[in-house]
Structures are given as structure tokens and as C-alpha cells.
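Here is the structure we will look at, set down as C-alpha cells.
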Amino acid sequence: MNSCKVIEQVVDKGLCIGCGLCVSACGDNTLKMELSEYGFLEPRQVNSCGPSCKGNCLSVCPFNPEPNNDVRTETELAKTFLKDSKKHNDSIGKYINTYAGFSNEHRANSSSGGVATYTLIELLTRKEIDYVISVKDVTASSAHYEYAISSTREELLQGAKTRYYPVTLAGVFDKVKELDGKFAIVGVPCFIKSVRLAQKVDPILKDKIKFLVGIICGGVKSTFFAEYLASKTGVSVSEYSKPEFRIKDESSSASDYSFGCLDKNNHQNTIKMKMVGDMWGTGLFKSNACDFCDDVSVELADISLGDAWIDPYRSEGLGTNVIVTRSLLAEDIIQKGIESNKLTIEELSLTRFIDSQRGGFNHRHNGLGFRIKKRRNEGLSVPPKRFERDELTFLLKLIHLMRMRIRQKSLKVWKETKNAEQFDREMQFSLNVLKKLTKLNQYQKRYSESGAIRALIMRKVNKVFK
């Protein structure tokens with residue numbers, strides 16, 4: 001069997017994110033998306049590449065290690081697709097304005113401020129689009145969620161919440177080409193990039209895909225993440241269904257949300273995420289490809305949306321969006337929403353926006369150079385990136401190294417245990433080391449490393465590791 005380029009250069013190298021655009025681009029039923037042993041969707045080669053294969057599968061891959069110069073990074077792609085954006089910042093790319101706020105109607109039933117739902121409904125109402133491609137529940141399936149097409153407000157509302165579960169766009173673009181009309185697509189940064197790459201290759205997709213809604217992402221999770229959380233609620237991994245990742249507590253803060261799922265008797269079991277521990281900063285159950293992404297704010301979307309993890313917004317249990325508009329249509333939707341009192345939104349300075357996603361910028365920009373250097377030292381290729389300088393302190397390098405090891409270990413341990421209690425025991429030492437290193441880094445930020453202060457830090461080091 002002739003080997004497919006995307007399998008050789010991306011999947012086999014641990015850089016596949018599961019977007020599935022290669023399946024449509026390759027054609028000839030060469031590739032099929034399947035779950036890997038660690039719970040990630042990846043393409044598998046089921047037939048030899050046909051004579052018409054020209055490496056199209058690789059050309060639409062967001063982690064292509066050798067892209068053409070005009071699509072080398074998000075910066076080059078933005079020049080093609082975001083010509084309305086006159087402002088530019090190295091951290092967030094091209095943009096028009098930055099905001100914070102929420103939809104007065106959709107906030108309560110959305111994961112964050114409901115601005116994504118409002119925007120998509122507004123696009124349908126204005127007849128700017130005919131269809132929305134977003135993640136929705138799957139009835140009677142172990143997959144739980146998948147990308148599906150909506151054409152009405154009612155259908156759209158079924159996909160109003162965030163799902164931290166592997167999904168793929170494989171096969172969706174075939175429907176895009178079949179149906180008459182314009183489309184909007186919702187996705188995380190790597191998925192949005194793959195859509196733009198597909199539009200670059202195929203003029204039909206460039207014409208029919210009218211609008212992209214980008215969801216700021218903390219990392220793509222394995223199916224193991226949902227299984228682990230279900231087990232933490234007391235539900236057997238083999239029996240849980242309808243996982244719900246962001247159950248809000250209106251009386252508390254934005255970060256004080258719960259996970260819930262149904263057991264075999266259709267009874268919902270829940271657990272507060274603060275009782276589970278840090279699922280994001282540790283790297284648990286995360287895709288390896290995420291460690292080589294430098295797009296924090298979904299730079300190629302028409303509108304980018306995330307959680308406002310800054311005061312005073314994070315104190316509001318119903319959630320608040322941070323917003324980046326990058327096209328005139330996106331900007332007009334926000335402005336008209338403010339004027340009609342359908343949106344409660346205020347302008348947010350660029351500095352405040354970056355502060356709202358500080359963890360993401362620290363990891364994906366400041367720490368990227370270290371991870372790239374480590375990967376290259378192992379003889380592995382890396383896609384072109386814009387933040388390759390390795391300027392971390394020795395302590396921060398240890399922190400990033402521990403996150404990488406915890407990510408890998410969590411997948412191996414869960415595959416073997418499938419039980420939250422046993423998993424927690426086996427992961428405890430590694431997580432404790434990371435926690436202690438993080439504390440030491442906080443001490444180092446507060447104090448200089450000279451004279452008596454250095455002695456104070458060493459006492460703290462000894463105390464932490466005692």
C-alpha cells in the first residue's frame with residue numbers, strides 16, 4: 001500500500017489534532033477517521049493513494065511540517081482572509097476591536113457569555129448564511145458529540161455549549177459542496193486554520209464558507225477526559241452518557257462550574273470541577289499537537305470568543321465572553337447588538353484581553369521555544385512557528401517538562417486503569433512535583449536572586465520539597 005503523506009509526516013510523528021480535513025482532501029476513500037488507543041480521533045489509511053493524489057491531504061493539515069510560504073503560519077493566511085482588519089498585534093494577530101460582555105438572551109444557556117450563539121443566529125436572521133456547522137449531541141451513540149449542520153434557530157440552539165470531546169470535520173465538507181447556500185463554521189484554532197487551508201486549496205469552499213466563529217481553546221482533550229470525569233462522579237466508564245462539561249452556578253464565580261453525566265438509569269451525577277483539580281494547566285489528557293500550537297486567540301476566525309478570566313468578569317457565575325472582531329461583518333454584528341440592547345458589551349483594551357488569556361499566552365508563546373528545541377533534539381520535525389525563542393528560566397523549563405510528561409503519563413495510566421481513584425493515586429506524585437515547582441516559580445517572581453533573598457528562596461525550596 002502506497003503510504004499517505006499526512007500519515008507519514010503528521011500522524012506517525014504525533015502531531016495530528018483530528019480535524020479530519022485530510023479525509024475529504026485526499027479523496028478516493030483513502031483515509032478514515034478512527035479513535036486511537038489513547039482516545040484521539042486520527043486518520044487511518046485504508047486504501048492506497050490513487051493516481052490523482054498530489055499531497056492534498058497534507059496541504060490542508062494545520063500541522064503540516066513543510067507548508068508553502070504563502071500559508072506558512074497564521075500570519076500569512078490572515079493576509080488572504082482578513083483584509084478588513086487594519087490593526088495588528090504579535091500576540092493576537094490581525095483584528096478590528098476587542099470587547100468583553102454577553103448576550104442578554106443566550107448567556108444562561110451557553111458555556112460562557114452566549115455571544116457565539118447570538119452571532120450565529122444573527123447571521124441566519126440576516127440571511128448572510130444558510131447553514132451552521134457546529135458540534136451537537138449525538139443520539140444513541142458512544143461518540144456523544146459530532147459536527148452537524150443546522151439551518152434553523154432551534155437546531156442551532158442544540159449546540160450552544162462547549163464540548164471538551166474529540167470531534168472531526170471529516171465528511172462535513174462533502175455536505176458543504178452538496179448543499180446550495182452559504183455556511184458558518186464553529187471551531188477551535190487548529191480547526192479554523194484547517195478550514196482556511198482548505199479554502200485556499202478549493203475555490204468552492206472559499207465561496208461557500210462565509211463566516212468562521214473561533215473558540216479560544218485550552219487544549220484538545222482525549223475521550224479519556226470525559227471518562228475520567230464520569231468516573232469521578234461515581235458512574236462507570238462503560239455506562240455514562242450525555243457528558244456536560246460546563247454546568248454553571250449563577251450564585252458563584254465563572255470558574256466554579258460542574259461536570260455532569262447520566263448513569264445507566266438516566267440520573268444525572270455531577271461534581272464541581274474545583275474538586276477534581278487543575279485539568280488544564282497540568283496537561284492532563286491533552287493532545288501532543290497542542291504543545292506545538294502558537295495560536296491562542298483563533299487568529300483566522302471572523303470573530304474569536306473565549307472566557308473572560310479577569311476581574312470583574314470572572315466573579316459572575318453566568319460567564320462573560322472576551323471578543324475579538326476580525327471582519328467588518330463581525331464588527332457590525334457586535335455593534336448592532338449593543339445598539340439594540342441585545343448584547344451587554346464594553347470595549348476591552350488589548351492589554352486586558354491578553355491578561356484574560358494569560359495562561360494560554362505563557363504556555364503557547366513563552367514556552368513554545370523550549371518544547372520545539374526539545375522536539376528537534378529528538379530528531380523530530382516541527383511546523384513553522386512564530387515564537388521559537390527559548391528564553392525560559394531553568395525553573396520554568398522544569399515546569400514545562402513536567403507538563404509534557406504528565407500529559408503523556410495521564411494517557412497511559414488511564415488506558416490501563418479506567419478508574420478515577422486508581423488514576424489519582426498513580427498520578428499524585430507527578431502532579432505534586434508540578435505543583436511544588438509552580439510554587440517555587442511564584443517565589444522567584446516575587447524576589448530577586450541575590451544576597452539574602454537568594455537564601456530565603458533556598459529555605460523555601462527546602463521547605464517545599466521536605
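Using 0.36 nm per residue of separation minus the Cα-Cα distance, give me the extension gain between residue 270 and residue 125 in nm, one decimal. Write out the running numbers ahead of the final one.
Values: separation 145, 0.36 × 145 = 52.20 nm, distance 3.60 nm.
That pair, residue 270 and residue 125, stretches by 48.6 nm at full extension.
Can you flag which of 94/385; 87/136; 206/374; 272/412; 83/177; 242/272 are past 27 Å Cα-Cα?
87/136; 206/374
Using the Karplus curve 6.51 cos²θ - 1.76 cosθ + 1.60 with θ = phi - 60°, what ³J(HN,Hα) values do you get for each residue of region 311-323, in whole Hz, with x for Gly and Pro?
Here the 3J(HN,Hα) series is 6, x, 5, 6, 7, 9, x, 7, x, 9, 8, 9, 9 Hz.
Quick one: which residues, 5 or more positions from residue 241 or on another chain, have an amide H under 5 Å from its amide H? H modelled 1.01 Å from N in the peptide plane, none for Pro or chain starts.
For residue 241, the qualifying residues are 262.
Find the centroid of the Cα atoms in region 24-95 and in region 351-427, then give the distance between the two in whole Å.
After rounding, the separation between the Cα centres reads 22 Å.
Please arrange 371, 358 by counting, for each residue, the other beta carbons lying within 10 Å of its beta carbon, fewest first. Spell out each step's value before the answer.
Details: 371 23, 358 12.
Listed from fewest to most nearby Cβ atoms, that is 358, 371.
Among the GluC sites (Glu not before Pro) in region 14-101, which ones are in a DSSP loop with at most 15 other Cβ atoms within 10 Å of the Cβ? Mind listing them?
Passing both the DSSP loop test and the Cβ count: 37.
With each pseudo-label sitting 7 Å past Cα toward Cβ, what's the residue 201-residue 47 distance in nm, one decimal?
Modelled inter-label distance: 1.7 nm.
Can you show me the helix-derived [θ] at 222 nm for the chain, built from DSSP H runs with n ≥ 4 at -39,500 (n - 2.57) apiece and divided by the number of residues, rounded to the nearest 500.
Rounded to the nearest 500, the figure is -11000 deg cm²/dmol.
Please give the FRET efficiency for residue 390 paired with residue 66, using the beta carbon to beta carbon distance and R0 = 22 Å, rounded to the nearest 0.05.
Details: r = 22 Å, r/R0 = 1.01.
Given R0 = 22 Å and the Cβ-Cβ separation, E is 0.50.
Between residue 143 and residue 349, what is the label-to-label distance in nm when each label sits 7 Å out along the Cα-to-Cβ direction?
4.6
What pairs in 32/208; 221/436; 200/342; 232/436 have C-alpha atoms more than 32 Å from each other?
Among 32/208; 221/436; 200/342; 232/436, the Cα-Cα distance tops 32 Å for 200/342.
Using 0.36 nm per residue, how much length does the chain from residue 155 to residue 311 gain when fully extended, once their Cα-Cα distance is taken away? The partial results should precede the final answer.
Values: separation 156, 0.36 × 156 = 56.16 nm, distance 3.40 nm.
The residue 155-residue 311 span can extend by a further 52.8 nm.
Rg and Dmax in Å for region 111-257, alpha carbons only: what are they?
16.3, 50
Roughly how many whole Å is it from the C-alpha centroid of region 284-298 to that of region 239-281?
23
Peptides 126-134, 227-235, 428-436: what's the order by average Cβ count within 10 Å, highest mean first?
Result, highest mean first: 227-235, 126-134, 428-436.
Note down the net charge around residue 93, summing +1 for each Lys or Arg and -1 for each Asp or Glu among other residues with Cβ under 9 Å from its Cβ.
Numbers: positive: 94, 326; negative: 74, 90, 295, 299.
Summing Lys and Arg as +1 and Asp and Glu as -1 gives -2.
What's the extension gain from residue 278 to residue 255 if we count 0.36 nm per residue and subtract their Cα-Cα distance? Numbers along the way, then the final one.
Numbers: separation 23, 0.36 × 23 = 8.28 nm, distance 1.13 nm.
Gain in length upon complete extension: 7.1 nm.
Straight-line reach from residue 79: which aspartates and glutamates have Cα under 19 Å away, leaving out those fewer than 8 places along the same chain?
Once the sequence-local aspartates and glutamates are set aside, what remains near residue 79 is 70, 90, 202, 207, 294, 295, 299, 302, 331.
Counting DSSP beta bridges in the chain, what percent are antiparallel, to the nearest 5? Mind showing how you got there, number by number?
Numbers: 38 of 49 bridges.
Of the beta bridges lying entirely in the chain, close to 80 percent run antiparallel.
Using modelled backbone amide H atoms (1.01 Å from N, in-plane), which distant-in-sequence or interchain residues come within less than 5 Å of residue 114's amide H?
Placed amide hydrogens put 103 under 5 Å from residue 114.
Using a cut-off of 10 Å between beta-carbons, work out the net charge of the residues near residue 372 (Lys and Arg +1, Asp and Glu -1, residue 372 not included).
Residues close to residue 372 contribute a combined charge of +3.
Read phi for every residue in region 23-38 and hand back ³J(HN,Hα) as whole Hz from Karplus 6.51 cos²θ - 1.76 cosθ + 1.60, θ = phi - 60°, with x for Gly and Pro.
4, 6, 5, 6, x, 6, 6, 6, 10, 9, 7, 9, 6, 7, 5, 10
Whole number please: convex hull volume per residue of the Cα set in region 220-310, in Å³?
So the per-residue Cα hull volume is 134 Å³.
Taking a cut-off of 20 Å between Cα atoms, list the aspartates and glutamates near residue 435, but don't count ones fewer than 8 places away on the same chain.
278, 291, 421, 424, 426
Taking every Cα atom in region 171-258, find the radius of gyration and the maximum pairwise distance Dmax, and write them in Å.
Taking only Cα atoms of region 171-258, I get Rg and Dmax of 18.0, 50 Å.
Just so you know, all these numbers are worked out from the coordinates, no wet-lab data involved. Keep in mind that what you see is a predicted model, and the values were worked out from it rather than measured. Don't worry about glycine lacking a Cβ; one is built from the backbone with ideal geometry, like all the others, and counts go over all protein chains shown.
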